[in-house]
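K.L.:
I have a structure I would like to understand better, so I am pasting it below and will then ask my questions one at a time.
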Amino acid sequence: MAPPKPRSLQNKGNYFKVSRDILFPYIKDHLEEYLSAHWEEDECKQDVHLLKKQVEEDLRLHRACAQHSLDQSGHTDEEKAIREVVDNVLWQMASDRKSTALKQLQGHMWRAAYAAGRIKGEVYQDVVPSIRRWRRQGLKVYIYSSGSVEAQKLLFGYSVEGDVLDLFDGHFDTNMGTKVESKSYVRIAERMGCPPEEIMFLTDVTREAKAAEDAGVNVAVVVRSGNMELTEEERSHYNLITTFSQLEVTGSA
């Protein structure tokens, strides 16, 4: 166990059962419906424009990309244009892309679904009591996720536990860099106003754990049902916990 630290940095995946099982299938199942309903709205137009820019950047950098263009204004056939966007988004999701364009559209879809009560964030039972205890002990708690800050706030604002956004002191997304790059954690530490060694990072992904360690951040790997299996080497190297209640960290705000 690492020594007590005055800050805690969390990976959103440690909290929720809903992300893989509900949120992403929701996008796949309702994408065409959503685009058809909002196609002429400015926000949707901006989302499609950003997706188009992503395709152009991929082509410029000779990266793999969906083999079709996106041009919301170039089609008189709205149904065909929407189908192109659907194909692009589904391709990005199947390729596990984490582009800002994709995350922005997903975030807008989830916002509408949360507001309508169609989905809620299903929080693990140990999460809220543990964080409230940490905060009473003087810790500050932040979230770092590949999902956008807006998507994070929706998850915690519309959880089965109600609005629990008051648990957190801040949110970070891939605007700070990807979660498997050590520089991302250095930037976050700078933004938090403390050295990396005063941060405890909880994650369920060992590639992220290694990147955080390389930046000087303390790490605990959260083992939840359904997470990727760890190797024996990973099990022996990392501090493992199965619930937040097992982690004792103290500090001052």
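The values are calculated or read from the model by the stated rules, or taken from the named source; none is laboratory data. In this text the structure is predicted, and so the values were computed from the model without any measurement. Counting neighbours? That spans all protein chains shown, and the Cβs are built from the backbone with ideal geometry, glycine included. Keep in mind that these areas ignore ligands, DNA and RNA; they rest on the heavy atoms of the full protein, side chains included. Shrake-Rupley method; radii C 1.70, N 1.55, O 1.52, S 1.80 Å.
K.L.:
In nm, to one decimal, how far is the modelled label at Gln137 from the one at Arg224, with both set 7 Å along Cα→Cβ?
P.N.:
Each label point is offset 7 Å from its Cα along the Cβ direction, giving 2.0 nm.
K.L.:
Which residues' amide hydrogens lie under 5 Å from the amide hydrogen of Val219, considering only partners 5 or more residues apart or on another chain, with H built in the peptide plane?
P.N.:
The list, which skips near neighbours in sequence, is Phe201.
K.L.:
Next question, about the same structure. Give Lys120/Lys210; Lys98/Lys153; Lys53/Lys179; Lys153/Lys210 a once-over and call out the pairs whose C-alpha atoms are over 21 Å from each other. Please report the intermediate quantities before stating the final value.
P.N.:
Details: Lys120/Lys210 31 Å; Lys98/Lys153 18 Å; Lys53/Lys179 23 Å; Lys153/Lys210 26 Å.
Beyond 21 Å: Lys120/Lys210; Lys53/Lys179; Lys153/Lys210.
K.L.:
Then there is this: Is the stretch 118-253 rounded, prolate or oblate when judged by the Cα gyration tensor, a ≥ b ≥ c being the square roots of its eigenvalues, rounded requiring a/c under 1.5 and prolate requiring a/b larger than b/c?
P.N.:
Rounded, because the longest to shortest axis ratio a/c is under 1.5.
K.L.:
Run the dipole for the chain about the Cα centre, Lys and Arg Cβ at +1, Asp and Glu Cβ at -1, nothing else charged, and hand back the magnitude in debye, nearest 20.
P.N.:
Approximately 820 debye in magnitude.
K.L.:
Continuing with this model, one more query. Any idea what the dipole of the stretch 156-253 comes to, in debye rounded to 20, about its Cα centre with Lys/Arg Cβ at +1 and Asp/Glu Cβ at -1?
P.N.:
200 debye
K.L.:
Accessible surface of Trp91 in the full protein assembly, 1.4 angstrom probe, to the nearest 10 Å²?
P.N.:
Its accessible surface works out to 70 Å², give or take rounding.
K.L.:
Now for a separate question. Describe numerically, in nm with one decimal, the distance between label points set 7 Å from Cα along Cα→Cβ at Asn239 and at Glu57.
P.N.:
About 3.6 nm separates the two model spin labels.
K.L.:
Quick one: Karplus J couplings for the stretch 151-157, per residue in order, coefficients 6.51, -1.76, 1.60, θ = phi - 60°, nearest Hz, x for Gly and Pro?
P.N.:
For the stretch 151-157, the Karplus curve yields 5, 4, 5, 5, 4, 7, x Hz.
K.L.:
Tell me the net charge near Leu50. Cut-off is 12 Å between Cβ atoms, Leu50 excluded, with +1 for each Lys or Arg and -1 for each Asp or Glu. Provide the component values of the computation, followed by the final result.
P.N.:
Values: positive: Lys45, Lys52, Lys53, Lys103; negative: Glu43, Asp47, Glu56, Glu57.
Once all neighbours under 12 Å are counted, the net charge is 0.
K.L.:
Mind listing the phi-derived Karplus ³J(HN,Hα) values for the stretch 175-189, rounded to whole Hz, using 6.51, -1.76 and 1.60 with θ = phi - 60°, and x for any glycine or proline?
P.N.:
5, 8, x, 6, 6, 9, 10, 5, 4, 4, 6, 5, 4, 5, 4
K.L.:
Please list the non-local residues whose amide H lies under 5 Å from the amide H of Phe172, H modeled 1.01 Å from N, same-chain partners needing a gap of 5 or more.
P.N.:
Sorted by chain and number, the residues that satisfy this are Ile143, Tyr144, Ser145.
K.L.:
Also, I was wondering about something else. Would you mind telling me the share, in percent, of accessible area of the chain contributed by carbon and sulfur at probe 1.4 angstrom?
P.N.:
Of the solvent-accessible surface of the chain, carbon and sulfur hold 47 percent.
K.L.:
Next question. With a ≥ b ≥ c taken as the square roots of the eigenvalues of the C-alpha gyration tensor of the stretch 24-66, please select rounded if a/c is under 1.5 and otherwise prolate if a/b is larger than b/c or oblate if it is not? Could the numbers behind the result be given before it?
P.N.:
On the way: a/c = 3.86, a/b = 1.59, b/c = 2.43.
Oblate, since a/c reaches 1.5 and b/c is not below a/b.
K.L.:
What figure in square angstrom, to the nearest 10, would you give for the accessible area of Arg132 with a 1.4 Å probe?
P.N.:
Only protein atoms counted, so the area is about 100 Å².
K.L.:
So for His171, His62, His237, what's the accessible-area order with a 1.4 Å probe, most first?
P.N.:
His62, His237, His171
K.L.:
Between Ala94 and Glu248, with labels modelled 7 Å along Cα→Cβ, what's the label distance in nm to one decimal, could you check?
P.N.:
Calculated label separation equals 5.1 nm.
K.L.:
Average projected area of the Cα convex hull of the chain, in nm²? Spell out each step's value before the answer.
P.N.:
Values: hull surface 56.8 nm².
Hull-based average projected area comes out at 14.2 nm².
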